[in-house]
Structure formats: C-alpha cells, structure tokens
1. Of the peptides B:124-132, A:199-207, how do they stack up when ordered by the mean number of other Cβ atoms within 10 Å, highest first?
2. Which whole-number percentage describes the relative contact order of chain B, with Cα contacts under 8 Å and a sequence gap of 6 or more?
3. Compute the label-point distances linking B:ASP132 to its equivalents in the other copies; points lie 7 Å from Cα along Cα→Cβ; give nm, one decimal, shortest first.
4. Tell me, which residues of segment A:101-149 get at least 10 Å² less accessible area when the other protein chains come in, versus the chain alone (1.4 Å probe)?
5. Can you bin every Cα-Cα distance in the protein assembly as shown into 20 Å intervals starting at zero and give me the percent of pairs per bin, rounded to whole numbers?
6. What's the magnitude of the charge dipole for segment B:3-62 around its Cα centre, counting Lys and Arg as +1 and Asp and Glu as -1 at the beta-carbon? Answer in Debye, nearest 20.
7. Express the carbon and sulfur contribution to the solvent-accessible surface of segment A:3-62 as a percent, rounded to the nearest whole number, probe 1.4 angstrom.
8. Using alpha-carbon pairs under 8 Å, 6+ residues apart, how would you state the relative contact order of segment B:79-137 in percent?
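The values are calculated or read from the model by the stated rules, or taken from the named source; none is laboratory data. These numbers were taken from a predicted model, which means no experiment stands behind them. With ideal geometry, Cβ positions are generated from the backbone for all residues, glycine too; neighbour counts draw on all protein chains shown. To get the accessible areas, we keep the full protein, side chains included, count just its heavy atoms, and leave off ligands, DNA and RNA. Shrake-Rupley method; radii C 1.70, N 1.55, O 1.52, S 1.80 Å.
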2 protein chains.
Amino acid sequence: MTLSEENYLKAVYHLESTFPEGVPTNAIAEEMKTKPSSATDMIKRLAEKDLLAYKPYQGAKLNPTGRNHAIKVIRKHRLWESFLVEKLNFSWDEVHEIAEQLEHIKSDKLIRELDNFLGNPKTDPHGDPIPDEDGNIEIIQKRVLSELEKGDEGICVGVNDSSSAFLQYLDKNEISLGKKIEILEKEEFDNSLVIKVNGKSMSISNLAANNLYIKKYA
Amino acid sequence: MTLSEENYLKAVYHLESTFPEGVPTNAIAEEMKTKPSSATDMIKRLAEKDLLAYKPYQGAKLNPTGRNHAIKVIRKHRLWESFLVEKLNFSWDEVHEIAEQLEHIKSDKLIRELDNFLGNPKTDPHGDPIPDEDGNIEIIQKRVLSELEKGDEGICVGVNDSSSAFLQYLDKNEISLGKKIEILEKEEFDNSLVIKVNGKSMSISNLAANNLYIKKYA
DNA sequence: AACAATTTTTAGCTTTGTCTAAAATTTATT
DNA sequence: AATAAATTTTAGACAAAGCTAAAAATTGTT
C-alpha cells in the first residue's frame, strides 16, 4: 500500500458520508487536489487491488477491506494529532499537516504503544473520534451550531473545518471543545447568531456556525 | 528533497568516514541496496542540486550543504529512536526500521519539541551521539573492544552493528551501555576475549568484540 | 606495455502517479 | 426527442527512481 493509495482511500472514506450512493470522480479529484483523470487512474488501481468497487461513471464505494485500511490511517492521524497537542505543546491549528505525514508510518506496535502512552484517548484535539484497534469508530451525535434554535443550549464537541484560520478565530473568541454555548438570537437577514459563551455574548456568522459541532442538551 | 535523496545523502555521510577521498559508487549502491547504475543516477542528481561534488569515476563528496542535510536526518533518526525506547517501551533492537521512516517527517518545530520532550538527550539508545539543532555532532572517542589489551578496563559506550541479532545477543549476556568491562584474557588462536562484566566472566568472540565500542579508562 | 579484471557510466526500459487534450457518457434543458 | 452542458474516461506524455545489458574507464597483473 503506497502513501498515495492510502490518501485516496482516506479521501473516499471521508466523502462517503456526503455521497453514500458512490463517490464521484470529480469529488475525489477535488479532495486530493488532482485532476479527474488522475483520480480515475487511481480508483481503477484500488479497484484492481480489491479495496473498493468501481463501475465507470458510477463512482467509487469502499468495500470492507478498503474501509478498514482507511480507518486505520484515520486512527493513526488522530492519535498523532493528540500526541502533538498533549505532549509536544502544539496548538490544535498546527497539527494537521504533520499528522498527514505521520499517519503513513507503518508499525502496529508503534501505534498501539502510542495509544497507551496517551492514555487511550477517545477523541482527537478537534473532537473527532479515534477508532479503536479493531476499527470500531464511535459515532458522536452532533449537529452544526447553525441548526439550533433560539433558546437552545449545548456544548461544543468538534469542528468541521480544521483550517488554521478557523481554529485561530475560535481561539481568539475563547471557544474550545467542551464549552457551553447558548443561542440568544437568530438574525434572519444573514443567518448570523448571537450566542452566549464564557458568560459573554457575541455574534457569530452563519459560515462559522456551520463549522462548529454542538451536542445539544437533551 | 525527496525521501530517496535524503537516504542517499545519509548513506554518503556514513561512508565518508571509510572513504575520505571520495565515496565509490559501488559502496553507495551496496549501502542503499540498489544497483551501481541507480546510484550513479542519483549521485548526479544530488550533484546537480549542489549537495555534493561528483566527478565521473572519482566518487562522491558531500559539500557543507549536503552534509548539513544528512546530519539533520541523522538527528531526527536518533531522536525518534530515543523516543521509542524512552517513552514507548521499545527495546534497542526494535527501533531502527521505524526510525528510518520517522526520520523523513518534515517539521522543524516537531523535532525541536521532541528534543525538549526527551530532555535533550546526548546519545541515542545505541550510544550514538545526537547532533544538536545547528548540526554540531560530538565525537565520542571510542575504540572497539577487541583493540584493548589484557588488564585494560573501560565502559561500553556504543555498538557498531545495530542488528537485532547482535543487540539481542548483548541483552542475553547483560551487556548494555554504561556497563564496565575488564579484559581478563586474550586468546591468540581465534582472537576471542575473556571479559569480566557484571562481576561474572564470559567469553566473547572476535566478531562480537569488533562491534562493541568501549571508552577506555584514562 | 598489453591484456584482464574491476568499477563506473550510458542507454534504454518499467512502474507510479501525475498531467493535458480529446473522446465518450450521462444529465439537464429546451 | 434532440441538443447542450457537465462529468468521466481514454490516450499519450512526463518525472522519479529503479532495473538490465552493454560500453567505457580505471586498475591490476603479467
């Protein structure tokens, strides 16, 4: 399994939630920042290797073997991100690129020991669940902040956009995982929200609210 | 700088102590487990990129830029080996292959933080010196055990052969870095030695004694 | 000095993963 | 249903890094 093959599997895995009937070539190409023709080539190779199902013009669907591989890579990515933040003083907006490299290191023992060393964390620094050794991945029920209604309350459990820009915006406004958020107002005009967090009220754009995951209080 | 280029630089660096007048193509090919023709190709590319001096049939010589790159890779390799042993319960014979992968991860901050996290170790688990951030590498004055004479004493400071087989042999005989070793006898016939270590005497073959570095007491 | 042996280089081919441009297929629109 | 638009695939090229086989240069031996 080459580095590039692993990255494609991961891309297909992530896109499957948006395209459950088959992930389009163009979507894969965009995710991988390559051209559709390149994506086609790679998808064919992965189908050849029996990691996914592919019918021309019908998109790609991981089979259990391929999904397993993808999940293993994701497990490694999220464990390394946790390591960087917990042990090496990285902030949550600095870890993605490095974890993209580290996730391809091959050693079962390494990742098992790393998991133990970190105390078997359940989620990574962005709130995403870390699959266990057998590939089981906990589905955290979450919704985007913008879905909530006036008066609703919840806690911040993750982000959809892991870009430095967004994460630093959150840092600046003291919004982090575990924080309690209450909807004070919904502005019809631009779908922005007024929320209460840290006892203070602030305004948050629809774009930002679309990228913040909340677990609503029951 | 590709992974392969980094590995070649490292190979040339290691071979320069044996071939100070220029590292022969064949030696590089052997070290890299490729064919001489492949080595020639790569050496030319590295010369093209101004990392080493190359004249056909004259071997390769790193220039300061190339040497710097090589040392950085070696620094990363040895820090990762230390991490694996100190933090993740690896033994010294298990770390080499994984460090070969980890040494290519690109992030200055990562390696700086890792160094601090480990408490800025001076040597790796095999006794090899870890270069500092500026590429300064301490030359530990050492000699192979087989050079010592009857009655000499010293402490074990490193190994020349990092193979699992050799390291496990040392483990089995409770020889590790820092151990005091005294030469009780030299056997003329096969150049084996009788040594005292851990208060017990044992016999050690010439081959083994050639791969164990000792710092002789002044 | 001449020939043999060794070392090194060159030339040409392969695979991986990318690209562009053109062809084919599917979807949308009138 | 026919045509336009969008998507996807095919065909052919390219760079990296390796290979084999053959040529060239160097070194060693008589």
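1. Ranking the peptides B:124-132, A:199-207 by packing returns B:124-132, A:199-207.
2. Values: 327 pairs, mean separation 32.8, N = 218.
Reported as a whole number, the value is 15 percent.
3. Between copies, matching label points for B:ASP132 lie 4.8 nm apart.
4. A:GLN101, A:LEU102, A:ILE105, A:LYS106, A:SER107, A:LYS109, A:LEU110, A:GLU113, A:LEU114, A:PHE117
5. 20, 44, 27, 9, 1
6. On the way: 8 positive and 9 negative charges, 25 e Å.
Result for segment B:3-62 is approximately 120 debye, rounded to the nearest 20.
7. Numbers: 1790 of 3520 Å².
Its accessible area is 51 percent carbon and sulfur atoms.
8. Working: 41 pairs, mean separation 23.0, N = 59.
The value is 39 percent.
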